[in-house]
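Below is one structure, written out as structure tokens; comments come after it.
Derivation of every value follows stated rules applied to the coordinates shown; laboratory data play no part. Computed from a predicted model, the values in this text were never measured in an experiment. Ideal geometry is used to build each Cβ from the backbone, glycine not excepted, and the neighbour counts take in all protein chains shown.
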Amino acid sequence: MELIKQYFPSLTPRQEEQFGQLGELYRFWNNQINVISRSDVDNLYERHVLHSLGIAKVMSFKPMTEILDVGTGGGFPGIPLAILFPECRFHLVDSIGKKIKVVEEVAKGVGLMNVRAQQTRAEQVPAEAYDFVVSRAVTRLTPFYGWVKTKVHKNQFNDLRNGILYLKGGDLEEELRELGRKTQVYNLSDYFAGEFFETKKVVYVPFS
Ligand SMILES: C[S@@+](CC[C@H](N)C(=O)[O-])C[C@H]1O[C@@H](n2cnc3c(N)ncnc32)[C@H](O)[C@@H]1O
């Protein structure tokens, strides 16, 4: 939790409380339904919460922004972002119902009113309903782009044009070449210290 405060020093007392509650909630729910590898539960704040918040280092969503988290699993990156941006609306989807159950329980546990969790496939969510699509560890960028390219509003009101903000790791050269679209890659090591972040990036793919 101290790690989150170190990199996000302007949290409100409510946000500090909500981030603080995540550790126990995930420990409990991960014992019932596995959404995070057992070894990773001890590194929850660095490898899941802070990693998810890497998106916030490159993009500060304005109030009323609608964000789709595709393949959210146990709620990453959607849940930490929903705590950080309480005035934005988050739709977290995953094709596996028991993962959505964990998301619902965690969102309820921290009192998040801006999260809707749904068991569905990315391809099935409504078109032109979001400003941004966020994701981590779901699939390569080319099929991902195909799933979500129709899902985003044409109207823009954020500092970056509407698009995808995807947490990726490692060498992306081939994947970006395959995608063949304009992208911007941000290194999370520019924002966060530690070995874990050395290879981690946010890939931004604007839709137009
Ligand atoms: C490796 S997990 C990552 C979970 C989470 N994003 C994280 O980083 O912890 C990938 C998730 O994507 C989901 N998924 C894969 N294809 C999907 C699709 N087409 N629509 C919705 N969810 C999908 C899987 O069910 C799984 O929960």
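Taking Ala137, Ala193, Ala129 in turn, the Gaussian network model of the chain (Cα-Cα springs below 10 Å) assigns the largest fluctuation to Ala193.
Take the Cα of Asn43, step 7 Å toward its Cβ, do the same at Lys62, and the gap between the two points is 3.8 nm. Across the range 151-163, computed HN-Hα scalar couplings (Karplus, 6.51 cos²θ - 1.76 cosθ + 1.60, θ = phi - 60°) run 8, 10, 4, 7, 6, 10, 9, 9, 5, 9, 5, 3, x Hz from first to last residue, x flagging Gly and Pro.
Counting each DSSP H run of 4 or more residues in the chain as -39500 (n - 2.57), what helix-only mean residue ellipticity at 222 nm follows after dividing by all residues, to the nearest 500 deg cm²/dmol?
Calculated at 222 nm, the ellipticity per residue is -10000 deg cm²/dmol.
In this simple spin-label model, placing a label point 7 Å from the Cα along the Cα-to-Cβ direction at both Leu160 and Glu195 gives a separation of 2.9 nm.
Past 23 Å, Cα to Cα, is the threshold; run Lys5/Lys201; Lys98/Lys154; Lys99/Lys154; Lys5/Lys57; Lys5/Lys98 against it and keep the listed order. All intermediate terms of the calculation are to be shown ahead of the outcome.
On the way: Lys5/Lys201 21 Å; Lys98/Lys154 33 Å; Lys99/Lys154 31 Å; Lys5/Lys57 14 Å; Lys5/Lys98 31 Å.
With Cα atoms farther than 23 Å apart: Lys98/Lys154; Lys99/Lys154; Lys5/Lys98.
Taking every Cα-Cα distance in the range 55-179 and sorting them into 5 Å bins starting at zero, the pair-distance distribution P(r) comes out as 2, 11, 22, 24, 22, 13, 5, 1, 0 percent.
Taking every pair of Cα atoms in the range 109-169, average 1/r, invert it to obtain the Kirkwood radius, and report Rg/Rh to two decimals.
Details: Rg = 12.8 Å, Rh = 13.1 Å.
Reported Rg/Rh, Kirkwood definition of Rh: 0.98.
Pulled fully out, how much extra length does the chain show between Asn34 and Leu3, if you take 0.36 nm times their separation in residues and subtract their Cα-Cα distance?
Working: separation 31, 0.36 × 31 = 11.16 nm, distance 2.43 nm.
Difference between extended and current length: 8.7 nm.
GNM remark for the chain: springs join alpha carbons under 10 Å apart, and the peak mean-square fluctuation among Arg89, Arg181, Arg136 falls on Arg181. Taking Cα centre as origin and charging only the Cβ of basic (Lys, Arg, +1) and acidic (Asp, Glu, -1) residues, the dipole magnitude of the range 2-206 rounds to 560 debye.
With 10 angstrom as the radius, rank Met113, Met64 by how many other C-beta atoms surround their C-beta, starting from the fewest. Mind showing how you got there, number by number?
Values: Met113 8, Met64 11.
Fewest-to-most ranking of Met113, Met64: Met113, Met64.
For Lys154, Lys201, which order do you get if you count the other beta carbons within 10 Å of each Cβ and list the fewest first? Starting with the residue having the fewest Cβ neighbours, the order is Lys154, Lys201. When the chain is treated as a Gaussian network with alpha carbon springs shorter than 10 Å, the biggest mean-square fluctuation among Ile36, Ile67, Ile79 belongs to Ile36.
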